[in-house]
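Read-outs: derived from the displayed coordinates by stated rules, not from any lab. This is a predicted model, so every value here is computed, not measured. With ideal geometry, Cβ positions are generated from the backbone for all residues, glycine too; neighbour counts draw on all protein chains shown.
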Amino acid sequence: MANFNFKNEAKVYLYDGTNYHILDVGPGLSFSQTFTDKTYPQKTLHEQYKLHDASSIKKANPANFEMTIPMITQSTLDVIFDLLVNFKSGEYTLNTFDLYIKLPNDIYKLEKCVITNGTFIIEKLENLKLTIAGEATKLTRGTTLLDEVTLPSRGTRDYHMLKAVEVYIDSSSPLSNIYKVSMELQNSIKWNPYETVNGALLATNAATSMYPSNFTLEKRILSGSVGQYVTDSTNSNIQTWKLGVPVTINAGNGEAGNSFRGFSFKSTNCSFTDRNIVEDVFTQSYDWKMNENTTNLSSVLKLNELVT
């Protein structure tokens, strides 16, 4: 009888070039890679019946992956936050890493991964989570490398309980009657051209196909939204916009100082638009974006530390 692979049995390991880290992932784990099929016509004047184009497969598209990781109070998963937020040392680009997805009967490897999107999940009655999506140069199956190294144990992990959310938008007082908060960091990358004549001549199968290798970080967008119930005392900003305003978001255990655990963001240069939402209960949505350019994004966006 065949042995099937089930996603809930997957163990995900991240290798940052020095250490292996085991990740807790939810059911949203996905990864894949496709190849480019450039077709060309075969029909000729003498062979009118050749109506099907022929395939020419020489190039692989960047692989992609996505997963949701529950955040913990320990520093074990800080590596994920750092790979999303921080620049590579001495360069204005991002660090890369390898991902291994270990199943009972298989191992998959994603080489030279880069995180292109991070969504901070802040929901009432839920633990704090971070959904990351990204791209990689190559996806392979059947690697035995993990059998040759000592993998880390999971260790003790205490999940972040969301007990308090504070949002300040162009005000020294927090917004009241908030019902949702979202925050997202987008790293816009562009893979360097990697299709060459010599590479096309050498490509005879998947292993010898042309794969991407290097990328450029072209733009970053840090933005989000805040949903607020409209009441007689929370309606001053409906249908308006502002530039160059401060925005602060603290989502976590509600503690102050060194005891804070959660997501923290603070910037003095943001913009927002505010719009009315007509449903059974009237609400408004602040859609904000950071306009500040900082050489160290982790100075305004932090994990387990309040931004001051």
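Here is how the numbers come out for the structure above:
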item: Cα gyration tensor shape of region 231-308, rounded if a/c is under 1.5, else prolate or oblate by comparing a/b with b/c; result: oblate
item: Gaussian network model of the chain, springs between alpha carbon atoms under 10 Å - residue of Gln48, Gln33, Gln284 with greatest fluctuation; result: Gln48
item: Residue among Ala251, Val114, Thr234 farthest towards the positive dipole end of the chain, charges placed on Cβ; result: Val114
item: Residues Asp274, Asp280, Asp170, Asp158, sorted so that the one with the fewest Cβ neighbours within 10 Å comes first; result: Asp280, Asp158, Asp170, Asp274
item: Whole-angstrom Cα spans of region 1-129 along principal axes, big to small; result: 72, 51, 34
item: Stokes-Einstein diffusion coefficient of region 70-173, Kirkwood radius over Cα pairs, 20 °C, 1.002 mPa s, in µm²/s; result: 129 µm²/s
item: Residue among Thr68, Thr18, Thr273 with the largest mean-square fluctuation in a Gaussian network model of the chain, springs linking Cα atoms under 10 Å; result: Thr18
item: Val114, Val197, Val281, Val247 arranged by Cβ crowding within 10 Å, fewest neighbours leading; result: Val197, Val281, Val114, Val247
item: Three-way shape call for region 154-308 based on the alpha-carbon gyration tensor, with the a/c threshold at 1.5; result: prolate
item: Net charge dipole size for region 7-303 [Lys, Arg +1 and Asp, Glu -1 on Cβ; Debye, nearest 20]; result: 500 debye
item: Estimated [θ] at 222 nm from DSSP helical runs (n ≥ 4, -39500 (n - 2.57)) normalised by residues in the chain, nearest 500; result: -1000 deg cm²/dmol
item: Sum of side-chain charges, Ala60 neighbourhood, beta-carbon under 12 Å (Lys, Arg +1; Asp, Glu -1); result: -1
item: Choice from Asn258, Asn95, Asn117 showing the highest fluctuation, given a GNM over the chain with Cα pairs closer than 10 Å; result: Asn258
item: His46, His21 arranged by Cβ crowding within 10 Å, fewest neighbours leading; result: His46, His21
item: Among Thr196, Ile178, Thr268 - extreme Cα towards positive end, dipole of the chain, charges at beta-carbon; result: Thr196
item: Positive-end residue, region 16-170 charge dipole about Cα centroid, Cβ charges, pick of Tyr159, Gln74, Pro104; result: Pro104
item: Long-range Cα-Cα pairs in the chain (distance over 29 Å), rounded percent; result: 48 percent
item: Length-normalised contact order for the chain - Cα pairs under 8 Å, 6+ apart - percent; result: 16 percent
